[in-house]
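Undergrad: Structure below; questions to follow.
The values are calculated or read from the model by the stated rules, or taken from the named source; none is laboratory data. None of the values given here were measured: they were computed from a predicted structure. Positions of Cβ are generated from backbone atoms using ideal geometry, with glycine treated the same way; all protein chains shown enter the neighbour counts.
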Amino acid sequence: MPQVELYTDGAAKGNPGPGGYGAILRSGQNEKELSGGFYHTTNNRMELLAVIVGLEALKVKGCHVTVVSDSKYVVDAFQKNWIDGWKRRRWAKVKNPDLWKRLLLAMEPHQVNYQWIKGHNEHPENERCDRLAVAASHAPTEQDHGYQPGDGKLGL
């Protein structure tokens, strides 16, 4: 089973506002950076999208992926099993259900573990992802068609 590290970060100026995501995929000596910017979105959507895009970029099925993120929103959803309750309640009152569903699909062919790290704490890959996300937010090229007004706060 290939071992993959996926480092991620998201950013949004204004929250909601222009936003971007950054991700680094690493497997052995191989490394790939991913980023993208959106005209109007939220930080939480960009945090989710960073993980989604990273997982969707994997060309080999059946990887053991360690996602390293500074987003408690993303990490706690799995470490605290919030996701199971959201699915049982058919996503009622859950922010960003479109991206949560997409993330679950992206996870299916892999074994995925989530690890939280403190952001802006001189973690080299987290800092790189932050720079990628912020740079992408300054040069947006896409619409976030799933964004709904009111998604800007952490509310679950």
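Undergrad: Report whether or not Asp70 is in contact with a helix residue (DSSP H, G or I) (Cβ under 9 Å, 6 or more places away or on another chain) and either at pLDDT 95 or above or within 18 Å of Phe38 (Cβ to Cβ) (or both).
TA: Criteria met by Asp70.
Here is a yes/no grid of residues against (1) among the aliphatic types (A, V, I, L, M); (2) outside any strand (DSSP E or B); (3) in contact with a Lys or Arg (Cβ under 6 Å, 6 or more places away or on another chain):
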site: Glu33; (1), (2), (3): no, no, no
site: His40; (1), (2), (3): no, no, no
site: Leu55; (1), (2), (3): yes, yes, no
site: Ala77; (1), (2), (3): yes, yes, no
site: Gly85; (1), (2), (3): no, yes, no
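Undergrad: From the list Glu31, Glu47, which one is closer than 19 Å to Glu127 by Cα, without any contact (Cβ under 8 Å) to a residue 40 or more places away in the chain and more than 16 Å from the chain's Cα centre (by Cα)?
TA: Going through Glu31, Glu47 in turn, the sole match is Glu31.
Undergrad: Condition check: aliphatic (A, V, I, L, M) and either modelled with pLDDT under 95 or in contact with a His (Cβ under 9 Å, 6 or more places away or on another chain) (or both). Does Val53 satisfy that?
TA: Judged against the criteria, Val53 is not a match.
Undergrad: Out of all the residues in segment 64-75, which are outside any helix (DSSP H, G or I) and either under 16 Å from Asn44 (Cα atoms) or not hydrophobic (A, V, I, L, M, F, W, C) (or both)?
TA: Selection gives His64, Thr66, Val67, Val68, Ser69, Asp70, Ser71.
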